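For reference, the structure discussed in these notes is given below.
The values are calculated or read from the model by the stated rules, or taken from the named source; none is laboratory data. None of the values given here were measured: they were computed from a predicted structure. All Cβ positions, glycine included, derive from the backbone under ideal geometry; neighbour counts span all protein chains shown.
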Amino acid sequence: MEKLLQIEGLKVEFKVYEGLLKVLNGVELALEEGERVGLVGEAGCGKTTTMKCVLRILPSPPGRITAGRILFRGQDLLRLPLQRMQRVRGRGIAMIFQDPTAALNPVFTIGDQLMAVIRHGSRDAMNKKEIRRRAIAVLREVQLPDPERILANYPIQLSGGMRQRVCIAMALSTEPELLIADEPTTSLDVTIQDQILRLLNALVERRGTSVIFITHSLGVVREMADRVYVMYAGSIVESAPKGELFSRPLHPYTQGLMRAVPKLTGGGIAEGIPGRIPDYLNPPPGCRFQPRCPHAWERCSQAPPPLKEVEDGRQVACFLYEEGA
Amino acid sequence: MAFWKRPGFQRRWDSVKRGWYKFSKNPVSVVGLFFVLLVSFLAAFAPYVAPYPEHAGRFVNFSEASQPPSLKHPFGTDVFGRDILSRVFFGFRYSLMMGVVVLLLVVPPGVVLGLLAGYYRGTWIDTVIMRITDVFLAVPPLILALAVCSVLTPSVFNAMMAVSLMWWPWYTRLVYGLASSIRNEFFVQAAEVAGASRSHILFREILPNCVSSIFTKMSLDMGWVILIGSSLSFVGLGAQPPTPDLGTMVADGAKYLPDQWWIAVFPALAIMITVLGFNLIGDGLRDLFALEEV
């Protein structure tokens, strides 16, 4: 099958007063058409930075992409002129942000903003009436009551859940091929979280949109993704189909993550991973997880383990699974 | 359907009423609005409301020179026998024109430069624009205007040019600060991600969020510009006699203080009313927008 998105060896550095932060250290990620991929990792491991590179909204300076390619339908987004990139954004790739309140412009009505997105992103020319009809249709699709009135509302007049529905409507209104959802439920109540996830799932399923779902919650990934990428300190450490990842995690970090999930039935507080995410200024030599890894041996601090296919559809970046190890 | 029954019009009318409610909660700003409306009305219809419209320009009647305020001349007459009340009405015209023309000349370039510098913060565009701005801001405005005016031949037009030349940096500075913080807001990123062009981001995402501050500043500045214009006229670098400019009138009258006090005092009060009116409105606008943003 054709790869829709392929990130190869992406490296990003941030220049700050203290020196160079090596934030992304060769990210490898691929997504097939129609696939729903989850990207899991701790806060600060580079999930959002990776997606900002895909959409080329990495603040620069201080950020700088030093190596790598991002192929979307075979063309390298990092080398695309800005004008063509602007056409990829919206129509090709859309994004839903963590905080729907901040993602909406406070001085315009929902209608103004939604219709501007539709006008810009639609493939064929539409007149005002058609745009309005389309806006009402997408608002109805995200199950907002009384869409006509919502078009005339300002963002502050809606609740958090409603705003996130509006953002989802905006992202999907242009029928993107790839949707990037960056922790879309983190800022919402637990009950609303569940509603939004179900809604998002139903919508992308109906359209067959490919999705990259960024989250730090394994529970959410379980609901949302077909395949999961686990990220640690700026690189992908493991990728596997959802079922296999949960039943048999391979990388020591993934294993630690699984153990860190509090269980309803288990006794006491869940076991965490000892230590903390490494300093990006002076990352540990070799594998970046090595200082926290229970299985580390001297080889781990000599060179970083490459991401290798160990079984069909499963990749791990760990020397434990190398031939002859 | 009649246009005032359409839902769109109703909604707009509603928001106008809501705005008036917020604005009028502060009685002081209503007083300001009253002053400004009064001054604007008198300026617009000066030839009709002035008791002696012909006294505005080149006119002498020494038999009535330097009359104190009376029923016939409520503000008295000057040394040429011209009715001061009439001349004040015409003087409003020059003051308002000064403010309006200067702001029209100053605000668009100032705002655009500020937007660009703020959006490209940290790049050479920011550096070039803001350092030039700093040079202008480093010199006190009135001094700079005086310097420019003294090089050019004194006239109302040149005074406007001089004030405009030194006024735009204030808008650049204001908008720069706003834009450079608004550009980091998520909705700007969200618009970028939706494929918005640079000009859309600048003028449709960032600028509308600056408008309230710009309007407030414009209303406050209207008063300041009028004051500076009058100051230039007062020192003889603005409007030239016999133009009925308020600043010129105060300057002429100052020679006859304190005996014929009315010649200077009434034009000075007129300047005060105008400037005060715009400043009070500015405060009201600030309240209006501040509440709107909650």
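Remarks
- Here the condition is being surrounded by fewer than 21 Cβ atoms within 10 Å (Cβ to Cβ), under 22 Å from B:Ala191 (Cα atoms) and away from chain B (no Cβ under 11 Å); of A:Gly19, A:Gly34, A:Gly9, A:Gly63, it holds for A:Gly63 alone.
- Helices (runs of 4 or more DSSP H) fully within the stretch A:173-280 counting 2 or more residues that are within 22 Å of A:Leu31 (Cα to Cα): A:190-207, A:218-224, A:242-247
- Here B:Glu54, B:Glu64 are screened, and the one residue that is surrounded by fewer than 14 Cβ atoms within 10 Å (Cβ to Cβ), out of contact with any Pro (no Cβ under 9 Å at 6 or more places or on another chain) and closer than 30 Å to B:Ala264 by Cβ is B:Glu54.
Table: residues versus (1) among the aromatic types (Phe, Trp, Tyr); (2) more than 23 Å from A:Asp124 (Cα to Cα); (3) within 14 Å of chain B (Cβ to nearest Cβ); (4) in contact (Cβ under 8 Å) with a residue 60 or more places away in the chain.
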site: A:Pro155; (1), (2), (3), (4): no, yes, yes, no
site: A:Met162; (1), (2), (3), (4): no, yes, no, no
site: A:Val166; (1), (2), (3), (4): no, no, yes, yes
site: A:Ala169; (1), (2), (3), (4): no, no, yes, no
site: A:Leu178; (1), (2), (3), (4): no, no, yes, yes
site: A:Pro184; (1), (2), (3), (4): no, yes, yes, yes
site: A:Asp189; (1), (2), (3), (4): no, yes, no, no
site: A:Ile192; (1), (2), (3), (4): no, yes, no, no
site: A:Ile196; (1), (2), (3), (4): no, yes, no, no
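- The listed residue being surrounded by fewer than 18 Cβ atoms within 10 Å (Cβ to Cβ), without any contact (Cβ under 8 Å) to a residue 40 or more places away in the chain, farther than 30 Å from A:Ile70 by Cα and touching a Pro at 6+ places or on another chain (Cβ under 6 Å), out of A:Arg132, A:Arg140: A:Arg140
- Residue match in the stretch B:155-176 (condition: away from chain A (no Cβ under 14 Å), within 30 Å of A:Ile96 (Cα to Cα) and either in a helix (DSSP H, G or I) or touching a strand residue (DSSP E or B) at 6+ places or on another chain (Cβ under 7 Å) (or both)): yes
- Members of the stretch B:180-208 that are without any contact (Cβ under 8 Å) to a residue 40 or more places away in the chain, part of a helix (DSSP H, G or I) and buried (at least 20 other Cβ atoms within 10 Å of the Cβ): B:Phe187, B:Val188, B:Gln189, B:Ala190, B:Ala191, B:Glu192, B:Val193, B:Glu205
- Looking across the stretch A:98-123, the residues that are within 19 Å of B:Arg183 (Cα to Cα), in a helix (DSSP H, G or I) and more than 7 Å from every other protein chain (Cβ to nearest Cβ) come down to A:Pro100, A:Thr101, A:Gln113, A:Ala116.
- You will find that of B:Gly253, B:Gly277, the residue that is surrounded by 21 or more Cβ atoms within 10 Å (Cβ to Cβ), among the small types (Gly, Ala, Ser), assigned to a helix (DSSP H, G or I) and modelled with pLDDT of 90 or more is B:Gly277 and no other.
- Only one of the listed residues (A:Met126, A:Met95) is within 7 Å of chain B (Cβ to nearest Cβ), out of contact with any Pro (no Cβ under 8 Å at 6 or more places or on another chain) and either outside any helix (DSSP H, G or I) or not acidic (Asp, Glu) (or both). That residue is A:Met95.
- Counting only residues that are closer than 14 Å to A:Ala152 by Cβ and in a helix (DSSP H, G or I), the stretch B:1-15 holds 8 of them.
- Condition check for A:Leu55: among the hydrophobic types (A, V, I, L, M, F, W, C) and more than 11 Å from chain B (Cβ to nearest Cβ): no
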